[in-house]
Amino acid sequence: MSNQEYRGLAPSADEQAREAWRVEHTEGGFICTHCGHFVPIDEQMGTRNRNHCNACLWSRHVDESKGDRAAACGGAMKPIGLTFKHEGVSKIGEIMLIHRCERCGKLSINRIARDDPENAIMQTYQDSLRLDKVSREQLLDQGIYLANAADVEAVQTQLYGKQ
Ligand SMILES: [Zn+2]
Ligand SMILES: [Zn+2]
C-alpha cells in the first residue's frame with residue numbers, strides 16, 4: 001500500500017478523539033484533555049450526560065445536540081460564563097455553564113454536575129464579568145443570558161447556600 005492510500009484510510013485526529021471519548025464513557029470515565037484529571041462517570045454526578053471535567057470544567061465539542069456524540073469538530077470547549085435555566089418569567093432557575101468551542105465557536109449550555117467544584121464555577125463567573133464584547137454579542141445573538149454582576153447573590157446562594 002502506498003503512503004497516499006494509507007493516509008486515505010487512516011482515521012483523522014478528530015475521529016480518534018471521538019472514538020476515545022466513546023470508549024472512555026463506557027469505561028467509567030475519561031481523561032480530561034485540558035487538565036489531565038480523570039473524570040469519573042458514575043451516579044455521584046447527578047446528571048445523565050457528563051460532558052465536562054469535574055476539576056477544570058472544560059469540555060469537548062463532540063455533541064451536536066445533547067449526548068448524540070455527532071459533532072465532527074472535537075475542539076476543546078472553554079467554560080466562558082454562567083446562565084440560569086429558564087423556569088418561567090420571574091423565577092431564577094438552576095445555574096448552568098456556558099461552554100464555547102475554541103475551534104469552531106459553537107456555544108452550548110450544560111448542567112452542573114453534583115461534584116463540580118464550587119470554586120471553579122465561581123471563578124468562571126468572575127472571569128465572565130470581564131468577557132470581551134464580541135463574545136457578549138455572540139451570546140446575545142443566540143439568546144443566551146449571561147449572568148452578570150447583578151446576579152452575584154443568586155450565584156453565591158446556589159453554590160454555597162444562604163450566607
Ligand atoms: Zn479538566
Ligand atoms: Zn467545535
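The values are calculated or read from the model by the stated rules, or taken from the named source; none is laboratory data. Quick caveat, the model's predicted, so the values are computed rather than measured. Note that we place each Cβ from the backbone using ideal geometry, even for glycine, and neighbour counts take in every protein chain shown. Protein only, heavy atoms only, side chains kept; ligands, DNA and RNA dropped before computing areas. Shrake-Rupley method; radii C 1.70, N 1.55, O 1.52, S 1.80 Å.
A few points about this structure:
- Residue separation of residue 38 and residue 103 scaled by 0.36 nm, minus their Cα-Cα distance, works out to 21.1 nm of gained length.
- The length gained on full extension between residue 132 and residue 15, counted as 0.36 nm times the residue separation minus their Cα-Cα distance, comes to 38.9 nm.
- Packing order of peptides 107-113, 148-154, highest average first: 107-113, 148-154 (average count of other Cβ atoms within 10 Å over each peptide's residues).
- Exposure of residue 102 as accessible area (Å², to 10), given a probe of 1.4 Å and all protein chains: 110
- Counting only heavy atoms of the protein chains and using a 1.4 Å probe, residue 134 has close to 110 Å² of accessible surface.
- Heavy-atom accessible area order for 162, 85, 106, 133, largest first, 1.4 Å probe: 162, 133, 85, 106
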